[in-house]
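One structure is given here, and the rest of the page talks about it.
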Amino acid sequence: MRRLARGARTAGGAAVEPFPGAPAPWALRDYAFLGDGERGALVSPRGEIVWLCAPGWADEAVFSALLGGPGVWTVRPADDWHVWGGYYEDGTLVHVSRWVTTHAIVECREALAVPADPARVVLLRRLRVVEGEARMRVELDPRPGFGREALSVPRLEGGVWHARSESLTVRWSGLPEARPGPGGGLCAERVLARGEEHDLVLELTARNRPAPGGGHGLDAAGWWAATERWWRDRAPCGTGLTPAGAARHACAVLTGLTAAGGGMVAAATTSLPERAYAQRNYDYRYVWLRDQAYAGLAVAAHGPHPLLDDAVRFATARVLDDGEALRPAYTTDGGEVPDERHLGLPGYPGGGDEAGNKAARQFQLDTFGEVLQLLAAAARHDRLDEDALRAAEVAVASVERYWQRPDAGLWELEERWWTHSRLSVVTGLRALAREVPGPAAGRWEELATTILRETSRRCLRTDGAWGRAADDAGPDASVLAPLARRGLGEDDPGARRTRRLIERELTRDGFVYRFRHDARPLGEAEGAFLLCGFTMALATHREGLPVAAARWFERTRSAHGPPGLFAEEYDVGQRQLRGNLPQAFVHAALLESAAGLAEPPGGAGTR
């Protein structure tokens with residue numbers, strides 16, 4: 001996406017080497033994601049948990065092998081001659097890794113246990129032999145604080161392993177026969193017969209927070225039952241749509257990225273490169289209000305949903321707390337995003353090792369516009385309470401005061417008079433005026449008309465299409481979103497002209513790119529931008545071209561690996577994901593466009 005960063009990853013001026021014994025990385029498309037709303041883990045095809053920050057999203061990692069650091073938990077066949085596969089249980093983030101060896105078929109069912117406790121991580125792994133007899137190898141090597149914290153020597157008490165560091169206490173059950181590994185941690189092998197199941201439970205608890213109450217301790221059966229029940233009770237998105245399974249999976253991903261306080265992180269990871277050695281390595285483990293609004297709008301397109309309520313609750317609190325000083329990004333508890341720093345890790349190949357994000361200090365006008373669109377969607381479903389209505393008034397007042405000020409915009413670049421930012425607030429103001437009738441609605445509509453008139457004067461090209469900015473007539477796929485949401489009206493000719501301009505100049509092989517960085521061909525400066533591919537599908541459908549819209553939708557939807565997760569960008573030539581994983585707003589855009597494509601082509605829909 002957009003975030004600003006410093007550059008090459010070094011420590012003390014010297015290149016950082018991968019931690020000894022760190023597993024070799026896989027292509028990003030091969031990793032599966034486990035999430036419980038408070039934190040997330042990435043699992044490789046070899047059964048390695050290579051990324052987990054604890055106890056929360058933006059805390060330091062216990063397993064950082066994804067970035068070449070220390071810490072990993074591996075569960076895999078001891079027989080190296082095997083092939084891998086896996087799948088998610090429908091509508092959940094319960095993942096099943098599956099291996100076929102020379103003698104067996106074996107699975108490992110894995111999940112972050114829910115309901116989640118912000119101070120305690122519970123990671124479940126259940127082995128099951130489908131065919132034959134399997135010898136399984138297990139290695140647990142937690143390294144809190146990105147490996148900087150010393151972990152006490154594990155001790156066995158009552159069949160449970162115990163250890164502690166400065167920030168965490170660790171408990172692990174399931175393999176009392178484990179022994180110290182050659183590089184640290186614990187390791188064991190166990191033979192399982194056909195039909196046999198075996199549970200492993202890892203618990204990580206913050207030492208500086210109150211001890212969690214209740215729960216199931218290390219009782220695997222209790223945690224699995226609670227986790228299955230929790231996911232079963234989650235309201236799915238996309239039921240009855242084509243493709244319904246993809247929509248339900250996207251909804252599950254968004255749920256797994258959303259904390260109990262309502263905040264949804266942009267992605268589970270940091271520093272995964274958008275392009276190798278291009279110094280675009282950013283930390284996405286925070287809540288971008290824009291991304292959160294996209295998720296709320298997406299589920300609202302399907303109907304009232306808890307994720308809509310979460311988005312409204314979090315955005316309302318931030319607007320009422322900060323008013324016109326609203327920041328684009330926050331921690332999940334509403335705090336300030338920390339300054340950028342290097343972690344002293346090698347980074348994923350071609351990437352870096354950033355923590356923190358200075359883009360959170362930018363002025364981004366479109367954030368107000370997206371929040372207004374979110375609150376309007378909540379009003380449409382009768383989910384707008386008095387606090388949210390007050391937040392809408394505060395946001396409108398901020399737009400009224402600052403809409404002429406240059407801002408960093410959606411792509412978080414230099415401050416300019418970006419077209420998308422103005423069209424976003426016009427869309428938000430008009431949606432709010434439509435959904436919240438009353439004395440203020442006329443003032444909101446009048447303000448939208450004033451902003452649109454001046455934006456048209458500055459940013460509309462001579463051919464009637466929208467340029468990027470007041471000082472740049474080039475096309476920019478960012479404007480597809482407000483046009484697809486009909487922010488300028490049902491019959492606005494600029495929408496059609498702009499969409500076709502973008503199709504002509506910013507698409508290749510069925511994928512959409514953000515803008516032209518320079519004279520290089522599309523795809524050389526950066527990957528295709530999947531958010532824009534889905535908004536292209538929606539804009540095309542609302543132009544009355546359903547077959548073309550379906551092509552854009554399906555082409556963009558193909559840009560994932562076996563676990564069905566989307567990153568921010570897609571390298572079309574190499575068929576590889578680029579950027580942090582999983583990217584929330586891409587899954588949200590899939591949901592929103594899927595709902596739009598289910599409407600009559602060119603119709604008014606629900607917006």
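Label region 244-597 by shape, choosing from rounded, prolate and oblate, from the square roots a ≥ b ≥ c of the eigenvalues of the Cα gyration tensor; if a/c is under 1.5 it is rounded, and otherwise prolate applies when a/b is larger than b/c, oblate when it is not. Don't jump to the answer; show the numbers that get you there.
On the way: a/c = 1.35, a/b = 1.13, b/c = 1.19.
It comes out rounded by the Cα gyration axes.
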*Can you sort His103, His420, His517 by how many other beta carbons sit within 10 Å, fewest first?*
His517, His103, His420
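With the cut-off at 1.5 for a/c, could you classify region 235-341 from its C-alpha gyration tensor as rounded, prolate or oblate?
On the way: a/c = 2.50, a/b = 1.24, b/c = 2.02.
It comes out oblate by the Cα gyration axes.
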_From the gyration tensor of the Cα coordinates in region 472-542, what semi-axes in whole Å does the equivalent ellipsoid have, largest first, with each one equal to sqrt(5λ)?_
21, 12, 9
_Which of Val253, Val83 has the fewest Cβ neighbours within 10 Å, and the rest in rising order_ = Val83, Val253
*Rounded, prolate or oblate (a/c below 1.5 giving rounded, otherwise prolate when a/b exceeds b/c) for region 95-151 by Cα gyration tensor*: oblate
*Descending principal axes extents, the chain, alpha-carbon based, whole Å*: 73, 53, 49
*Calculate for the chain the 222 nm mean residue ellipticity that helices alone would give, adding -39,500 (n - 2.57) per DSSP H run of length 4 or more and normalising by residue count, nearest 500 deg cm²/dmol.*
-9500 deg cm²/dmol
*Along the charge dipole of the chain, which of Tyr277, Cys187, Gly174 sits closest to the positive end, that is, farthest toward it, with unit charges on the beta carbon of Lys, Arg, Asp and Glu (+1, +1, -1, -1)?*
Tyr277
*Kindly write out, for region 406-411 in residue order, the coupling ³J(HN,Hα) from the Karplus curve 6.51 cos²θ - 1.76 cosθ + 1.60 (θ = phi - 60°), rounded to whole Hz, with x marking Gly and Pro.*
x, 9, 7, x, 4, 8
*asked:* Highest mean first, how do 477-483, 467-473 rank when packing is the count of other Cβ atoms within 10 Å averaged over residues?
replied: 477-483, 467-473
*Using the Cα centre as the reference, give the magnitude of the dipole from point charges on the C-beta atoms of region 60-181 (Lys, Arg: +1; Asp, Glu: -1; all else neutral), rounded to the nearest 20 debye.*
240 debye
*With unit charges on the beta carbon (Lys/Arg positive, Asp/Glu negative), name the residue among Tyr294, Trp417, Ala594 whose Cα is farthest towards the positive pole of the charge dipole of region 244-597.*
Ala594
*Partnerless cysteines, meaning none of the other Cys C-beta atoms lie under 4.7 Å away, in the chain*: Cys53, Cys108, Cys187, Cys459, Cys532
*Could you size up the charge dipole of region 244-597 around its Cα centre, putting +1 on the beta carbon of Lys and Arg and -1 on that of Asp and Glu, and report it in debye to the nearest 20?*
980 debye
*Find which of Phe529, Trp57, His162 sits farthest along the positive direction of the dipole of the chain, computed with +1 on the beta-carbon of Lys and Arg, -1 on that of Asp and Glu, about the Cα centre.*
Phe529
_Relative exposure of Asp199, Asp509, judged by other C-beta atoms within 10 Å (fewest first)_ = Asp509, Asp199
*Provide the packing ranking of 37-47, 354-364, 151-161, i.e. peptides ordered by the mean count of other C-beta atoms within 10 Å per residue, highest first.*
37-47, 354-364, 151-161
*Using the Cβ atoms and a cut-off under 9 Å, what net charge is assigned to the surroundings of Ala188, where Lys and Arg are +1 and Asp and Glu are -1?*
0
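No value in this document is a laboratory result; all are computed from the given coordinates. All of these numbers come straight from a predicted model, not from anything done at the bench. Glycine also receives a Cβ, built like all others from the backbone with ideal geometry; neighbour counts cover every protein chain displayed.
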